[in-house]
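Input: a single structure, listed below in structure tokens.
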Amino acid sequence: MSERKTADQRSSALLLNIGLLLTLHSVAKDSRPRRGSDLRELGVIHDGAVFCLGGKIVSVGSTKDALRDPWIKKRRKQITEIDCTGKVVIPGFVDSHTHPVFVRPRLVDFEKRIEGATYEQIAAAGGGIRSSLEGVRNAAKAALKAKVSNVLRDMAAHGTTTVEAKSGYGLTLESELKSLEALRDAASAWPGTVVSTLLGAHVVPKEFQGCSQKYVEIVCKEMIPQAAKRNLARFVDVFCDKGAFTPEETGQIFDSAMKHGLQVRAHMGQLSETALTQFLRFNPASFDHMDHVSDDDVKQLAKLDTVATFVPGANYFLGLKKYPDARRFIDAGVPVALATDYNPGTSPTMSMPMAMSLACTQMKMSPPEAISAATINGAWALRIADRKGSIEPGKDADLAVFDVQDYREIPYWYGANRCCMTILNGVVATRS
Ligand SMILES: [Zn+2]
């Protein structure tokens, strides 16, 4: 991707002759995450046009109407026109769950798993999350920033314009803050949008094994206050599962997050079931993974705006036969999102189209449901749906252009990248 960031290009872009424009404009009167049949409403415009100015979307409609607009007509020579004949334009993907701050791929885990070792066996043998800690603890902040910058650029090349990014491979006060600073630095050099999350509670590091409460106190009394004070994170995440943090510890960490003005989200139900109702008082933005959830909890979630975020890339890469039962959630009315879970151990993909393809083939989500889950509901999962996730006047100019005739081709051509252009807050990035 090469990013053209001249003042002119940021100030105006007119996408014309769009074969198929999916606006995802709001369908309900109330402003809430999409659920049920609303997930299938894509707001399709044939021969569409989008006009962006100063990083915002100004108008959305047909090419004919755009060319008749007196304001555009008068200034046509100064406006950058982008011909999208035969292409599909959708809102830029909102990848609402990623772990990009790490140094090395985990190739030993990869091979061990192929030979039959389980997630828990790999962790017990010194692999898993803990094996990524040394690299991050020893890395210079600039080196971490460079790693993150590369990933953000790759993500944009696949159509992603907003990324939630977690720390969580340092697990000391110093290295978690360093990770968050690397995220901040990479974000400021990227035209897209990064939402940072402190994941100090990713796993209990080796030096605290057998006394996890001491580590939880460091998370609550040092990491969270520092991250909040220095404005380095918007969310606090906890990996609440067997082998990670208990529900009680998760509650303590959420309490501290709320006390310091940070919102909460959690890895839930990946390996085992945890009762979710005990956390609802914290108003979590999202519960992620959700492979193991009770029927009662699904019923509860259907009444709330907490999003269930599926990360099928992890199921795929772990070689699991079972995927989250998306139909159970959607049919019950739970708002659902899709994300890559980009990380070195269990989901090394930065491709939202790949996550969508897995959702369609393995979780029986329809292509329209997958698109809503990867855009507007990703924005809801980050509580930024007022400016992200759909192509509507006033929202940020975040668009992805695909070289396909039909939007269903996005999840159809799995493993291939058909995204040819991304617009991030008004900045045009083309594949080179
Ligand atoms: Zn994760």
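Taking Cβ atoms as reference points and 13 Å as the exclusive limit, the residues near Gly251 contribute a net charge of -1, counting Lys and Arg as +1 and Asp and Glu as -1. Counting only alpha carbon atoms, the long axis of helix 247-259 and the longest principal axis of the chain meet at about 60°. Amide H contacts of Val194 (H built 1.01 Å from N, in plane; Pro and chain starts excluded): Val163 sit under 5 Å, all sequence-distant by 5 or more or on other chains.
Phi angles across the stretch 405-410 convert, under the Karplus curve 6.51 cos²θ - 1.76 cosθ + 1.60 with θ = phi - 60°, into 3J(HN,Hα) values of 8, 9, 5, 5, 5, 4 Hz, Gly and Pro given as x. Compared with the dominant Cα axis of the chain, that is its longest principal axis, helix 141-157 is turned about 40°. Where Lys and Arg each count +1 and Asp and Glu each count -1, what net charge lies around His289 among other residues with Cβ under 14 Å from its Cβ? Its environment carries a net charge of -4.
Mean sequence separation of contacting Cα pairs (under 8 Å, at least six apart), scaled by the length of the stretch 380-432, corresponds to a relative contact order of 30 percent. Phi-derived couplings, Karplus 6.51 cos²θ - 1.76 cosθ + 1.60 at θ = phi - 60°, listed residue by residue for the stretch 312-328: x, x, 5, 4, 4, 6, 7, x, 7, 7, 9, 10, x, 7, 4, 4, 4 Hz, with x used for Gly and Pro.
Within the chain, DSSP assigns beta bridges of which about 45% are antiparallel (rounded to the nearest 5).
If you average the C-alpha positions of the stretch 322-398 and of the stretch 186-201 separately, how far apart do those two centres end up, in angstrom? When both Cα centres are located, 19 Å separates them. For the chain, the longest principal axis of the C-alpha atoms and the axis of helix 352-363 are separated by about 70°.
Of the beta bridges DSSP finds with both residues in the stretch 40-193, what % are antiparallel, to the nearest 5? Of all bridge pairs located within the stretch 40-193, approximately 55 percent are antiparallel.
For the peptides 17-24, 299-306, what is the packing order when you average, over each peptide's residues, the other Cβ atoms within 10 Å and list the highest mean first? Working shown, then result.
On the way: 17-24: 22.2, 299-306: 17.5.
Put in order of decreasing packing, that is 17-24, 299-306.
Summing charges over all other residues whose Cβ lies under 15 Å from the Cβ of Thr277, with Lys and Arg as +1 and Asp and Glu as -1, gives -2.
Read the figures in this text as sums done on the coordinates, not as results from a lab. Note that this is a predicted model, so its numbers are computed, not measured. Neighbour counts run over all protein chains shown; Cβ positions are idealised from the backbone, glycine included.
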